[in-house]
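Participant: After the structure tokens below, expect a handful of questions from me.
Nothing in this text is a laboratory measurement; each read-out follows from the coordinates by a stated rule. Fair warning: this is a prediction, and the values are worked out from it, not measured in the lab. Here the Cβ positions follow ideal geometry from the backbone for every residue, glycine too, while neighbour counts run over all protein chains shown.
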Amino acid sequence: MTPALPDNVGYVAAAYLVFLALVLVYVVIMASRLARHQRELLELEELADRTVRGGREREPV
Amino acid sequence: MGAAVNALLRKDLRLELRAPQVVPAMAIFAVMTLVVFHFALQRRAVAGELAAGVLCVTLLFAAMLGVSRLFVADREEGGLDAVLLAPVDRTALLVAKALALFAFLALLEVVLVPAFVVLLLEPALAAGALARLVLLLALADAGIAVVGTLVGAIAVETRARDLLVPLLALPLLLPVVIGLARAATPLFLPAGAGELPVRWLAVLGLYDLIFGLVAYALFDFLVED
Amino acid sequence: MLYGKRLTALALLTAVTVTTGFALAFFYAPMDADQGFMQKIFYVHVPMAIVALCGFVFGGIMAVQHLRTGEPRWDLRSYVAIHLALILGVGVLLTGSIWARASWGQWWVWDEPTLVSFLIVFLLYACYQPLRFSIEDRDRQARYASVFAIVAGAFVPLNFLAVRLAQAYVHPRVFATSQGGLPPRMALAFLVCLVGMALLYVTLWRYEIASKQTSFRLRALKRKLGGDDAVGDRGRSAAPSLTA
């Protein structure tokens, strides 16, 4: 092992951690977007149910 | 298209001659900047690299003023609509603007260069060096004019146009800064003016050519409505 | 076109390649003679830089297509390409700064032409989103953004040329242009890292476009089912919209 190792491990680790942090931040943002999509889907399902029920109610008995 | 460019150019120049706002503002700003440099750098005179740098920065920032104003008057007074209604190639509008900007920069330099020589330059400027400086400034001005027109056209439609012009233009103009500063340095040497380095003239020329072509291709998309 | 289709396979390939690349960098590539262990930063910093720059140019190409066809999907592709390249750019500047600190004890050095050029390009593209944000008319916003993306894309190589010429070549480094001078084991590790980074970029690009498309279609569906008032206000966004 070269004598440079103890000094620079911190820097190398920091550099790779920057990369990892960027990727993880991206994952977090995408996860929150996915959560929003799920919520919108729920709303859409309710809307669809209401429309279908509304259509059925208008039919003569 | 040449006739359209001619007409539009003459309109812009005549407007400026009749009610000069852009060129005087740029000129006063430039001379003021020289004064600021004197105090900021704490020197009585500059030479060589420092001189080239001071000239370059002053020119650049004064140009930013000119670019900001380039389209605003047209847009506010509706002149743009009149041109768009005419059966004229849209590109002609922006070519005329670029030529107008080039002319304004040239007029600016008529004031700036003597002011610079008198106020800050250590050795006097020899006649031969002056000719070479003129050539160099022409190349640099062409680049600034093209990029300035592009950026001005983009920025005039935004809400933050005064902020966006320098933000967009300065990075794009960096090769011009590098080329101008490097090429002007030998002209301001205390020992005596040297030759213009061809390499930097080539860089400026290449920049002008590439951006000229890119701008020419894209101008149309900026003036659709 | 559904972007989510082969995303799983792509993501898996990316994960494998990046991991392999880093493993090679640490366990297979030899230690650099003059820089020692800190040279290992090179395997994450340079691939990010190359991919980011290619991403910017790629965004410019997408913008050309947008101007030629007028279809908003090209604008979306261009936007995402530039957006991702910008994020990578932050990483490049940070890792470059760390490397500079490790090599020369300062957080920034002007001697490294590639890093300086990169800073300039980054500052330019940082204006892309503010520019979009400040133009309200969606059509014009997309068009002007494309013009900007093309100009900036043309600027990237010119900038590198000019800055490189302006440097005094004081510090020859193990940088992208001297790839030919790398010993074979280093070159292999570097190549795998580069491919991994490129794959990561493509994966994230497709991922983000798929996510945005999903948003648009959900909104369109909501509008179809509930009428225009069921759809909430989108809020102001710099991103292009695919809904008519």
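Participant: Just to be sure I understand the curve: with the Debye formula and one point per C-alpha of the protein assembly as shown, what is log10 I(q)/I(0) at q = 0.06, 0.10, 0.12 Å⁻¹?
Facilitator: Ignoring solvent entirely, the Cα scatterers give -0.37, -0.93, -1.19.
Participant: Evaluate E = 1/(1 + (r/R0)^6) for B:R199 and B:L41, where r is the Cβ-Cβ distance and R0 equals 35 Å; express this FRET efficiency to the nearest 0.05.
Facilitator: Working: r = 28 Å, r/R0 = 0.79.
Taking R0 as 35 Å, the efficiency between B:R199 and B:L41 is 0.80.
Participant: Per DSSP H run of at least 4 residues, take -39500 (n - 2.57); add these up for chain C, divide by its residues and hand me the 222 nm value, nearest 500 deg cm²/dmol.
Facilitator: Details: 7 runs with 169 residues, N = 244.
Per the formula, -24500 deg cm²/dmol.
Participant: Let me ask something else about it. Among B:V111, B:V165, which comes first, second and so on when ranked by fewest other beta-carbon atoms within 10 Å?
Facilitator: Details: B:V111 17, B:V165 26.
Listed from fewest to most nearby Cβ atoms, that is B:V111, B:V165.
Participant: Hey, which lysines would be in cross-link range of B:K97, C-alpha to C-alpha under 20 Å, not counting anything within fewer than 8 residues on its own chain?
Facilitator: B:K11
Participant: Across peptide C:34-40, what mean number of C-beta atoms from other chains lies inside 10 Å of a residue's C-beta? Before the final figure, lay out each step's value.
Facilitator: Details: counts 1, 3, 8, 10, 9, 3, 7.
Average per residue, whole number: 6.
Participant: When Cβ neighbours within 10 Å are restricted to other protein chains, what is their mean count per residue of peptide C:207-217? Numbers along the way, then the final one.
Facilitator: Details: counts 3, 4, 0, 0, 6, 1, 0, 6, 4, 0, 1.
Per residue, the number of nearby Cβ atoms from other chains is 2 on average.
Participant: Using just the helices of chain B, give the 222 nm mean residue ellipticity in deg cm²/dmol: DSSP H runs with n ≥ 4 each add -39,500 (n - 2.57), and the total is spread over all residues, rounded to 500.
Facilitator: -27000 deg cm²/dmol, from helical runs alone.
Participant: Taking each residue in B:170-179, count the Cβ atoms of any other chain within 10 Å of its Cβ, then average. What number comes out? Before the final figure, lay out each step's value.
Facilitator: Values: counts 3, 12, 9, 1, 12, 10, 1, 2, 5, 3.
So the per-residue partner count for this stretch is 6.
Participant: Sort C:W107, B:W200 by Cβ crowding within 10 Å, fewest neighbours at the top.
Facilitator: Working: C:W107 10, B:W200 24.
Ordered from fewest to most neighbouring Cβ atoms within 10 Å, C:W107, B:W200 come out as C:W107, B:W200.
Participant: If you don't mind, another one. If I take the Cα coordinates of chain B and project them onto the principal axes, what are the three extents in Å, biggest first?
Facilitator: Rounded to whole Å, the extents work out to 58, 32, 29 Å.
Participant: Let me ask you something else. Per the Kirkwood formula on distinct C-alpha pairs, the Rh of chain C is how many angstrom?
Facilitator: 19.7
Participant: If I model a spin label as a point 7 Å beyond the Cα along the Cα-Cβ vector, how far apart are those points for C:V90 and C:A9 in nm?
Facilitator: Computed distance between label sites C:V90 and C:A9 equals 3.3 nm.
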